[in-house]
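Take a look at the structure below.
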Amino acid sequence: MNAEQILFILFGGVSLIGAIAVISFRHPIYSALSLIVTFFAQAGLFLLLGAHFVAAVQVIVYAGAIMVLFLFVIMLLNLGTLSAKGAMSGKLKGFAIVLGILLAVEGVYIATNVLNNTAIASAQPATETPTTTTYDIGELLFSKYLLPFEVTSLILLAALIGVIVLVKRGSEAEN
Amino acid sequence: MENLPLSVFILSSTAKIVIIVHMLLIGVMAMIWSERRVSGWMQDRLGPNRVGFQGILQPIADGLKFLFKEDLIPNHVDKPLYVLAPAMLLVPALVTVAVVPFGSSITILGYEIPLQIADINIGILYVLAITSLGVYGVVLGAWASNNKYSLLGGLRSSAQMISYELTLGLAIIGVLMLTSSLSLREIATAQGAYPWHWNFMIHFPAFLAFTTAMYAETNRLPFDLAEAEQELVAGYHTEYSSMKFAMFFMAEYMNMIVGSAVTVTLFLGGWHFFGLENMGGPVWSGIISFGIFFVKTAIFLFVFIWVRWTLPRFRYDQLMNFGWKFLLPVALTSIVVTGTLWIMTSSRLVVAIGNIVAAFIVASIVAGLLAMKTPKPAIQDSDSRLTPTALDAIE
Amino acid sequence: MELQYYLILSALLFTTGVIGVLIRRNAIIIFMCIELMLNAANLAFVAISRSLGEATGQVFVFFVMTVAAAEVAIGLAIIVSVFKHRQTINVDEVNSLKG
């Protein structure tokens, strides 16, 4: 086992355990914390894959901004655990988990078998981990993907206006 | 560095880590002492001067007292998070320093050792990423305390940190554009030996925005709403005592020190000072450059204390308005102006002048718009009359 | 490391997200599970980008993150206003169109 495999197992294991913890904790705050752990482990995986920029942005955007928003809302609404009334019946839950495991089997099958016949598998992976620099990403972003890039800015603008309208209407209704 | 043999690399890195972590811890003590002494001086009183020469051992006495206090955990808290929170604030503060270059390089036994723990190619992104994690310590500590005042402090703090992080990130984009590198070492090297080559001259509005945002990120006055004593007892650390409180306290000072070091690297020329850093042999130049960096950081830290006793605390709505409607437009303008003028003229002088003019125009427009739109509050509370006039305009 | 291990991990993470959406009734946790699924997709993007030796996959991760950020802002605003109206964020109890 080389260092990369050990790190992969470490980060992969942590992210998987974190993900399972997200759906098992009763209290949303603990779920949110587990999700942060998962995001961190994924940033580690991105580093392993040589995607330094993406790893940093993952931490800045997800851990630094999105999850803080989640925590903020959980604290603001003072959400505790949901009442027992809202809990699902055990039978339905079991059914959902079985369906989920079926999906997992399917995904693993696709990853191991089907992809072997496609262009992705036949492309010879580089022997050394090629480090994608910020420069490479920036160049692609501002040449080949300029239009999608501009469209994302529109999405953000729309989201911004949407949130303001939603919140404004709520507070005006109260007054 | 790749050109060093592995054994030398491990040895030198360990030495650097040990030295820097200890300097940081001693720096915290020095900051606590100097903050109290300088505050005393600014308020025309003495400050602590009994323990040791001029009270220099006072922080050690404080530390001992913290250690021997009972470490109580109240019954009503959420225990795992309550214990975790101080560490979650302290660790980010400690690890940020890993990428800060604190000097040029030093040559020992023929090996050139850079004075920086890790020179990673996304250095500044790393700093931003780790800084953004500091908020969890505050928020979780506040929530786990299960106390109304703590929770209010945590809510304020999370909103404040998200808002000012944006400015923090945007303000450095101009610097990154002209340096075309994310590595802190390259940013420091790219600034010349003389102050008029340093980034704060070229990006003056961005420098001001960055510094202001950093004050907000470190929860210092005038932005310490998370622990406003008059309103929230002590904010997020109300329920903490003994070493857990001391960890919050240390993290705050560590954040200040690291923040100052990053600002010095980004905007104030790093270890450069009129070519002084190249004097002496290969060993001395390294030590001198480290000394220059140290002095610059210390001066910047003094400004922290100075500001604390100069500006009163913001009101919460003023804080939000200031961050979103004033600092953010200024930082954005700085990006647009820097980019445009640099492409058109490739002259740092033009960029510098353009930045200042544009920031002035934008600031006046924003201030005018806000003054026009905001109706005067029905009840003029006494707080607002205490704020400086410039802030009244923004509000 | 082979590409397949990353893809398997990505599939497992995605499934965890799906199961979470199915079994949890708390709107905030459901929302977190959606973030988890988006992240699993990101992992696959980056892994394939490495395997193909080009940066396109990482550009897509960038787009996914932007969309996720926008979605979180809107989604949380909706959750807050739903909570204001009904004092609950259990998705089973929010079942009538009438405010």
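The values are calculated or read from the model by the stated rules, or taken from the named source; none is laboratory data. The shown structure was predicted, so the numbers you read here are calculated from the model rather than taken from an experiment. Backbone-built Cβ (ideal geometry, glycine too); neighbour counts: all protein chains shown. Ligands, DNA and RNA are stripped out before the accessible areas are found, and what is left, the full protein with its side chains, is counted by its heavy atoms. Shrake-Rupley method; radii C 1.70, N 1.55, O 1.52, S 1.80 Å.
Odds and ends about this structure:
- Sequence-distant residues sharing a close amide H with B:ILE106 (under 5 Å, placed H): B:ILE113, B:LEU115
- Overall, the anisotropy analysis places the stretch A:1-80 in the oblate class: the square-rooted eigenvalues a ≥ b ≥ c of its C-alpha gyration tensor yield a/c not less than 1.5, with a/b not exceeding b/c.
- Theoretical FRET efficiency, 1/(1+(r/R0)^6), r = Cβ-Cβ of B:ILE73 and C:ALA41, R0 30 Å, to 0.05: 0.15
- Extension gain from B:LYS65 to B:ASN49, taking 0.36 nm per residue of separation minus the Cα-Cα distance: 4.0 nm
- Area of A:LEU76 that stays accessible when all protein chains are in place (1.4 Å probe, Å², to 10): 90
- The stretch A:134-160-the stretch A:1-60 distance, computed between alpha-carbon centres (Å): 26
- List B:TRP324, B:TRP196, ordered by accessible area with a 1.4 Å probe, largest first: B:TRP196, B:TRP324
- Lys, Arg +1 and Asp, Glu -1 on Cβ, resulting dipole of the stretch C:3-86 about Cα centre, debye, nearest 20: 380
- Neighbouring partner chain Cβ atoms per residue of C:44-54, average, 10 Å criterion: 6
- Prolate/oblate/rounded label for chain B (Cα gyration tensor, a/c 1.5): oblate
- Measuring with a 1.4 angstrom probe and ignoring ligands and nucleic acids, C:GLU2 comes out at about 110 Å² accessible.
- When each of B:LYS148/C:LYS84; B:LYS16/B:LYS65; B:LYS148/B:LYS325; B:LYS69/C:LYS84; B:LYS373/C:LYS84; A:LYS144/B:LYS16 is checked by Cα-Cα distance, pairs over 32 Å: B:LYS69/C:LYS84; A:LYS144/B:LYS16
- Cα gyration tensor shape of the protein assembly as shown, rounded if a/c is under 1.5, else prolate or oblate by comparing a/b with b/c: rounded
- Interface C-A: total buried accessible area of about 6600 Å², 1.4 Å probe, protein heavy atoms only.
- Exposure of A:THR112 as accessible area (Å², to 10), given a probe of 1.4 Å and all protein chains: 40
- For the pair A:ILE101 and A:LEU7, the difference between a 0.36 nm per residue extended length and the Cα-Cα distance amounts to 31.2 nm.
- Förster radius 25 Å - calculated FRET efficiency between A:TYR135 and B:THR310 (Cβ-Cβ, nearest 0.05): 0.05
- Extending 7 Å from the Cα toward the beta-carbon at both C:ARG25 and B:SER13 defines two label points whose distance is 5.2 nm.
- Here the stretch B:62-137 and the stretch C:15-75 have alpha carbon centers that stand 29 Å from each other.
- In this label model, B:ILE356 and A:VAL165 are separated by 4.4 nm, measuring between points 7 Å along each Cα→Cβ vector.
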